[in-house]
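Following: one structure in structure tokens, then a few remarks.
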Amino acid sequence: MNKKLVVEVVDAYDLTPKDGEGSANALVQVDFGNQLSKTTTVPKNLNPIWNQKLVFNLDKIQSYYYHQIIERRNFLGRVRIPCSNIVKKGEEVYQRFALENKWFFSFVKGEIGLKIYIISSESDPNSHPSPKLPVSESTGLLIYKPAAPKKTEPSSDIKELNEEPIEVVKTSQQVFRQRVLLQPGLKVAKKPEGVNLEMQHQTSPQVRPSHEDDYEVKDTSPQLGERWANSGGYGGRGWLSSERYTNTYDLVEQMFYLYVRVVKAKDLPPNSITASCDPYVEVKLGNYKGRTKHLERKTNPEWNQVFAFSKDRIQSSVLEVFVKDKEMLGRDDYLGRVVFDLNEVPTRVPPDSPLAPQWYRLEDRRGTGKVRGEVMVAVWMGTQADEAFPDAWHADAAFVHGEGVFNVRSKVYVSPKLWYLRVNVIEAQDIIPNDRSRLPEVFVKVQVGNQVLRTRICPNRTANPMWNEDLVFVVAEPFEEQLLLTVEDQVHPSKDDVLGRLALPLNIFEKRLDHRPVHSRWFNLEKFGFGSLEADGRLELKFSSRVHLRACLEGGYHVLDESTIYLSDQRPTAKQLWKPPVGILEVGILGAQGLLPMKMKDGRGSTDAYCVAKYGQKWIRTRTVLDTFSPKWNEQYTWEVYDPCTVITMGVFNNCHLGNEKPGGTNAATRDLQSHRVYTHSYPLLVLHPSGVKKMGELQLAVRFTSLSLANMVYLYSHPLLPKMHYLHPFTVNQVENLRYQAMNIVAVRLARAEPPLRKEVVEYMLDVDSHMWSMRRSKANFFRIMSLLSGLISVNRWFGDVKNWKNPVTSVLVHILFLILVWYPELILPTLFLYMFLIGLWNYRVRPRHPPHMDPKLSWAEAVHPDELDEEFDTFPTSRPHDIVRMRYDRLRSVAGRIQTVAGDIATQGERLQSVLSWRDPRATSLFIVFSLCAAVVLYVTPFRVVALVSGLYMLRHPRFRSKLPSVPSNFFKRLPARTDSLL
């Protein structure tokens, strides 16, 4: 099916006059892949409106296309738009683009308004119906109904447009492979010599080492990019003979599996008693057995199920595939079997196509002859890179049945596309209260899903109230909720009467990409309590109350759903505003070591661990490795990176949804990476319990960040982190926190509806849902972080005091010489300062971090925290502790707040003293200061600056024998200045 590109030229604004009469005759010419098309000419208008669609073929996608506005004789401007910003029909949004010059000395101004989207050749580009709205009057507002996007990667959407290979736009894996092949010096970081850091099986996970580096990140040397055990292809004999090298899944260790795909069977014999057959297939390899579900009354059943057996656990040289008939009573009937020699099993090497299944005649139990019936089976040896791996039945999870089978598989999840919904409640008309004897005290309540906001009560008691307040909500595509608006009258502080209501679907609201105002609309209110059975009567109403709204979906903001300190994505909601990716992040999740038992199974401790990683809108979950304290996942995942100053969050969880197990401990880890380097480290899994910080094991990762464009990377460092709408029209701090809380709830609910679900407790832990809660431990940590920053200034001040006191005469003499040089040549001050910072940076290069940062319990103040402070941190909100404990904590909080209050008062006092120098609060002090200022001005006018600087510096550096131990005159004068503390109650 062919694709078409539709460019809807809407209008232009503030064009340059070209005809000598203050106007222009404008037309638009669009160039797409050497396909030219023009609009009609709008004469004598600097703000022309075309509303014309231009259609182009998408046989070969170009990297850019051009719009040019041309006057009949002159050039008015052009716009160059990348194809990565093209969206499908239904997602298009009206956008304005600033016109650019074609030549350096040409003068161009103005903007052009466009809508750009892609349609199939079967659809009519000229038909664009608008939804009907329940409004009282028409205002000419154009409404769009977007469809929910299926993918988040812009490169994937572009690739779907054409079946032919695209040279300009590549998928993440294609880009990465090209970059890796061009990096001959890319090597895996090796461990230091003489240190054995290989992963060993831990027999006693409860034993913890007590040395200080227990919480440190450790270097490891895993066998990444392990050699494949076959010569390649399906014709190889024996999967233990030859080897070949491959770069598929090159950040993990290769794990071999024997795959058995049972497709279907035919001509199975019916039971002689029931005259029917309820067949199923049992796959047996040594002590491992896997079986398909039985199909009732089927002689030609189809299963299409894959079984996977780990090579490390294979204890047999033959594979047996049994076909049996399910019996309700007694033993199941044996219908036949097929036997495979494992030495004859071929090896499949991706990206080769899947192995074609074959029909095999069933043989009897003893293997002496053929019986009736055939089964279609494919058997091959592969790795975790095989497409059948995620959905295969694994032998090590044989005891999991029912829905638990889905909960052990690895999956990739995508967060819903989040929007900010801004509802500006302007005014209402003809509000009639239930009690006609009084004027109403009206406010508006707006609800979207579980989010409820209300305006203030109109200060004027009138039937036509006015508010003009903005209410902001978080909504997710596809839009499932409605906007419910009610106009209420506050009859009593504890009673509100509903005067009218309104329900609107969210997809009727306009999508806005910038701060340009949207059209407002009047909506008729439904009389509350009218009754659904009287719906037809509403049409007969000649009069109704109305409400005036201006609502839009904000696409220019990034909807925050995670803590700002762990921010992994900063892109705006609207895909049209996305920039191209700057790199590819690849994470190989190798395994874990020394996990602690999280539940009891058969009288012993057990852990069923899986790993979750979150970066941007993409979540991944590895498969669950059952009943082991040292699981090995060896799964590799890829993310597109749009900003290098972001963080990936990872956590290890215990699967408590395989039966009646209890939930286990979790932890999150963050990474900051250098470009073009493979990090292989073992990270401690730390979790904060009410008893203190505890190490739950170690997570072994291989991480690589591949830069796609160094120029784009440098370009990003000069631009703001968040989209520009966050700075043009910022939200308040309380709004950001409330909206983030709502966004987290929406993401948790949507991901919990996936199959298998990503549980709410996992999502909330990864998003750090309780980061805004009070914690004495975090307050201490932040205080000591500030003190560590100030320690440098304190050290410099102490060093300068030593110089002034001549504790080291050589240093003092050198400082005097440097000071004299800088005073005599002041133009050397800034070069010397920057040269000094350059030398410090080179000196600190020796002690640069060698591995990505990790959770630091000392920095978090988690090792020396008081048990009661931990208990307070884990308390619910509102509190659930007894009154005496709450009283004690409240008194402690008052004590801490009192000290903070004292410090804040001291800072305010110093500022007020400085302010009172010229305020005549103390007439004598102000008189002295202005006389001093006059004398100083005269002296400085007639004295060269070098002399003043020289005298001041030498006075500051004078020898201790010329110093007095009493405070200086300026200090005494400043401390006597008045502050406003004497006016406080």
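Things worth noting here:
- For segment 328-427, the alpha carbon convex hull comes to 271 Å³ per residue, rounded to a whole number.
- The Cβ shell under 14 Å around Asp770 holds other residues with a net charge of -4, Lys and Arg each +1, Asp and Glu each -1.
- Residue pairs exceeding 21 angstrom between C-alpha atoms, taken from Lys417/Lys618; Lys614/Lys858; Lys694/Lys858; Lys4/Lys109; Lys411/Lys632; Lys44/Lys102: Lys614/Lys858; Lys4/Lys109; Lys44/Lys102.
- Summarising the amide proton neighbourhood of Leu483: residues at separation of 5 or more, or on other chains, whose placed amide H is nearer than 5 Å comprise Leu504, Leu506.
- In Hz, Karplus ³J(HN,Hα) per residue of segment 840-847 (6.51, -1.76, 1.60; θ = phi - 60°; x = Gly, Pro): 5, x, 5, 5, 6, 4, 5, 9
- Averaged over its residues, segment 244-315 has an accessible area of 51 Å² per residue, based on protein heavy atoms and a 1.4 Å probe.
- Spin-label zone in segment 834-867 - amide nitrogen under 14 Å from a point set 7 Å from the Cα of Ser791 along the C-beta vector: 858-861
- Solvent-accessible area of segment 892-935 (1.4 angstrom probe, protein heavy atoms only): carbon and sulfur portion equals 68 percent.
- Positive contributions from Lys and Arg (+1) and negative ones from Asp and Glu (-1), summed over other residues with Cβ under 14 Å from the Cβ of Pro433, come out at -2.
- Computed from backbone phi, the HN-Hα couplings of segment 495-511 come to 9, 10, 9, 7, 9, x, 9, 8, 10, 10, x, 6, 7, 8, 7, 6, 9 Hz, rounded to whole numbers (Karplus: 6.51 cos²θ - 1.76 cosθ + 1.60, θ = phi - 60°; Gly and Pro given as x).
- Order of exposure, largest accessible area first, which applies to Met837, Met713 with probe 1.4 Å: Met837, Met713
- Taking amide hydrogens as placed 1.01 Å from N in the peptide plane, the amide H of Val474 sits under 5 Å from those of Leu421, each at least 5 positions away in sequence or on another chain.
- Percent carbon-and-sulfur accessible area, segment 252-407, ignoring ligands, DNA and RNA, probe 1.4 Å: 46
- Note that segment 804-933 presents 76 Å² accessible area per residue, ligands and nucleic acids not counted, probe 1.4 Å.
- Cut-off under 5 Å, modelled amide H: who pairs with Gly591 long-range: Trp633, Asn634, Gln700
- Accessible surface area normalised per residue over segment 594-650 is 26 Å², counting heavy atoms of protein chains with a 1.4 Å rolling probe.
- What the phi angles of segment 302-317 give under the Karplus curve with 6.51, -1.76 and 1.60, with θ = phi - 60°, is a coupling list of 10, 10, 6, 10, 10, 10, 10, 10, 5, 5, 5, 10, 6, 10, 9, 9 Hz, glycine and proline written as x.
- A cut-off under 15 angstrom between Cβ atoms defines the neighbours of Val518, and their net charge, with Lys, Arg +1 and Asp, Glu -1, is +3.
The values are calculated or read from the model by the stated rules, or taken from the named source; none is laboratory data. Predicted model only: the values in this text are computed from it and were never measured. With ideal geometry, Cβ positions are generated from the backbone for all residues, glycine too; neighbour counts draw on all protein chains shown. When the accessible area is computed, the model is the full protein with side chains, heavy atoms only, and any ligands, DNA or RNA have been set aside. Shrake-Rupley method; radii C 1.70, N 1.55, O 1.52, S 1.80 Å.
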